[in-house]
Amino acid sequence: QVQLVESGGGLVQAGGSLRLSCAASGTIFSINVMGWYRQAPGKQRELVALITSGGSTNYADSVKGRFTISRDNAKNTVYLQMNSLKPEDTAVYYCNEKQRGYGYWGQGTQVTVSS
């Protein structure tokens with residue numbers, strides 16, 4: 001089992017920045033993929049960014065150049081630096097961890113961007 005705890009969400013004006021963190025605990029294998037997803041009201045959950053244990057990254061087109069995902073393997077923590085935030089980035093952001101065919105989710109953290 002893996003537990004994921006997100007932090008860092010909040011209210012920010014358009015053009016501002018936020019940094020999300022997700023700390024993983026439990027049985028964590030060295031080879032895994034961690035990522036961030038988001039779900040806006042009335043919309044499906046969508047991928048924001050992924051990072052492998054080797055450091056390879058993948059981003060949604062809508063956040064490329066504005067968001068940066070990173071991880072600290074020693075701390076089992078993944079980060080999402082969000083710059084140049086837009087009102088359309090408003091959503092609940094969820095941390096996800098995948099390993100050995102299993103996926104785990106955090107409880108989510110609200111990000112609200114005002115215009």
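Residues in segment 46-58 that are touching a Leu at 6+ places or on another chain (Cβ under 9 Å) and open to solvent by less than 60 Å² (accessible area, probe 1.4 Å): VAL48, ALA49. Elements of the type strands (runs of 3 or more DSSP E) sitting completely within segment 59-115 and holding at least 1 residues that are touching a Leu at 6+ places or on another chain (Cβ under 7 Å) and open to solvent by 20 Å² or more (accessible area, probe 1.4 Å): these cover 77-82, 102-105, 109-114.
Conditions tested, residue by residue: (1) among the charged types (D, E, K, R); (2) modelled with pLDDT under 95.
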| site | (1), (2) |
| --- | --- |
| GLY10 | no, no |
| GLY15 | no, no |
| LEU20 | no, no |
| TYR37 | no, no |
| PRO41 | no, yes |
| LYS64 | yes, no |
| SER70 | no, no |
| ALA74 | no, yes |
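Say we look at segment 5-45 and pick out the residues that are open to solvent by 80 Å² or more (accessible area, probe 1.4 Å) and part of a strand (DSSP E or B); which of these is nearest to GLU97 (Cα to Cα)? Among them, the one singled out is VAL5. Residue count for segment 27-63 under the criterion of being touching a residue at least 60 places away in the same chain (Cβ under 8 Å) and small (Gly, Ala, Ser): the result is 1.
The values are calculated or read from the model by the stated rules, or taken from the named source; none is laboratory data. Computed from a predicted structure; not experimentally measured. Note that we place each Cβ from the backbone using ideal geometry, even for glycine, and neighbour counts take in every protein chain shown. The protein model used for the area step is the full one, side chains on, heavy atoms only, and it has no ligands, DNA or RNA in it. Shrake-Rupley method; radii C 1.70, N 1.55, O 1.52, S 1.80 Å.
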